[in-house]
Amino acid sequence: MPAPEPDSLAQVTAEVTACRACPRLVAWREQVAMDKRAAYRHEEYWGRPVPGFGDPAARLLVVGLAPAAHGGNRTGRVFTGDRSGDWVFRALHRAGYANQPTSEHQDDGLALAGAWVSAAVRCAPPANRPTPTERDTCLPYLARERALLRDLRVVVALGAFAAQVVMNQVGLRPRPRFGHGAEATLPDGTTLVCSYHPSQQNTFTGVLTEAMFDAVFTRARHLAP
C-alpha cells in the first residue's frame, strides 16, 4: 500500500471549501448567498466554507469565531469585507503583519507576513451562533492548520468562543478565565493571548478600543519577534 500523501495547507484549504458536513450551515450560507444584501446585490457571493489564509511561515495565528454572512461568506476570505475585519487588518498593519490596512476582496493585494488568519467555524452561522456539534465538526481543520504552521509561537483568540475552542483543542486544563489581554501557555509551548472580539457591539460601545486591540498585537509581536 502506498504511503499517504503528507498533509498541507493547500490540502486543508481544498477540503474546507468543499465541506458540506453541517446541513444547517450549508442551507444558511447558500440562502444568504442567493438573497444578498442590497449593497452587494451585483456581486457574486462565495457562499461556501471559508479557509484560513496568510503566511505559511507564520509565528502568529489569529482565530475568530466564523465568517460573517455578508463578509467572508460574500468575499471568500475570512474577516474580509466586514467591519470586524476592518479592525483586524488595521491592527495587523500597524503591528507590521499586513502590507495594507484594508481587506475588501480576495484580489485586493493584501499580503500577510508572519501571520495566519483563520476561524473556529468555517461557515457563516445563523445569528453568529454555531451549535456545539457544528463547532466540533470544524475543529479538525483548525487543528491541522496549527500543526502545519511549523513556526507558530502565538495564538490570538478573538472572543471567548474562539478562546474556548483553542483551549479545548489542545486539552488545556484548568482553563483560565477569559478576559481581554489574558494569556495562557498551551501544552505545545505556544502562548494564547485573548482579545475581545472586534464586533460592532464591542467597538461601538467602547468595550474594545483600538488602543486595547493594538496592545494585543504588540504583545504578540513581543512574544514572537
Residue ID - surrounded by the fewest Cβ atoms within 10 Å (Cβ to Cβ), chosen from residues in segment 27-62 that are on the phi > 0 side of the Ramachandran plot and out of contact with any strand residue (DSSP E or B) (no Cβ under 9 Å at 6 or more places or on another chain): 36
Close pairs (9 angstrom Cβ cut-off, 6 or more residues apart or separate chains): within 11 Å of residue 210 (Cβ to Cβ) in segment 85-97, in a helix (DSSP H, G or I) and aliphatic (A, V, I, L, M) anywhere: 91/216
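Would segment 63-81 turn up any residue that is crowded, with 21+ Cβ neighbours inside 10 Å and more than 18 Å from residue 124 (Cβ to Cβ)? Break it down stepwise before answering.
Step one: of segment 63-81, the residues crowded, with 21+ Cβ neighbours inside 10 Å are 63-69, 71-81.
Checking the rest, the ones that are also more than 18 Å from residue 124 (Cβ to Cβ) come to none.
The answer is no, given that none of the residues of segment 63-81 is crowded, with 21+ Cβ neighbours inside 10 Å and more than 18 Å from residue 124 (Cβ to Cβ).
Condition test on residue 173, is it of a type in the set (D, E, K, R) and over 21 Å from residue 123 (Cα atoms)? Steps first, answer last, please.
Values: of a type in the set (D, E, K, R): yes; over 21 Å from residue 123 (Cα atoms): yes.
So residue 173 passes the test.
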In segment 122-163, the residues that are surrounded by 21 or more Cβ atoms within 10 Å (Cβ to Cβ) and hydroxyl-bearing (Ser, Thr, Tyr): 141
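If I ask for residues that are free of Cβ contacts under 8 Å to residues at least 24 places away in the same chain and surrounded by fewer than 19 Cβ atoms within 10 Å (Cβ to Cβ), which ones from segment 193-220 would you list? So that I can check it myself, show each step before the final result.
First pass over segment 193-220, keeping only residues free of Cβ contacts under 8 Å to residues at least 24 places away in the same chain: 201-202, 204-207, 209, 211.
Scanning segment 193-220 gives 201, 204, 205, 206, 207, 209, 211.
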Residue within segment 170-177 that is of a type in the set (D, E, K, R), surrounded by fewer than 22 Cβ atoms within 10 Å (Cβ to Cβ), in contact with a helix residue (DSSP H, G or I) (Cβ under 8 Å, 6 or more places away or on another chain) and part of a helix (DSSP H, G or I) present: no
Single condition residue 9 does not satisfy, out of (1) more than 20 Å from residue 71 (Cα to Cα); (2) loosely packed, with under 12 Cβ neighbours inside 10 Å: (2)
Every residue from segment 192-225 that is touching a Lys or Arg at 6+ places or on another chain (Cβ under 7 Å) and not in a helix (DSSP H, G or I): 193, 224
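No value in this document is a laboratory result; all are computed from the given coordinates. Computed from a predicted model, the values in this text were never measured in an experiment. When we count neighbours, we look across all protein chains shown, and the Cβ atoms used for this are built from the backbone with ideal geometry, even at glycine.
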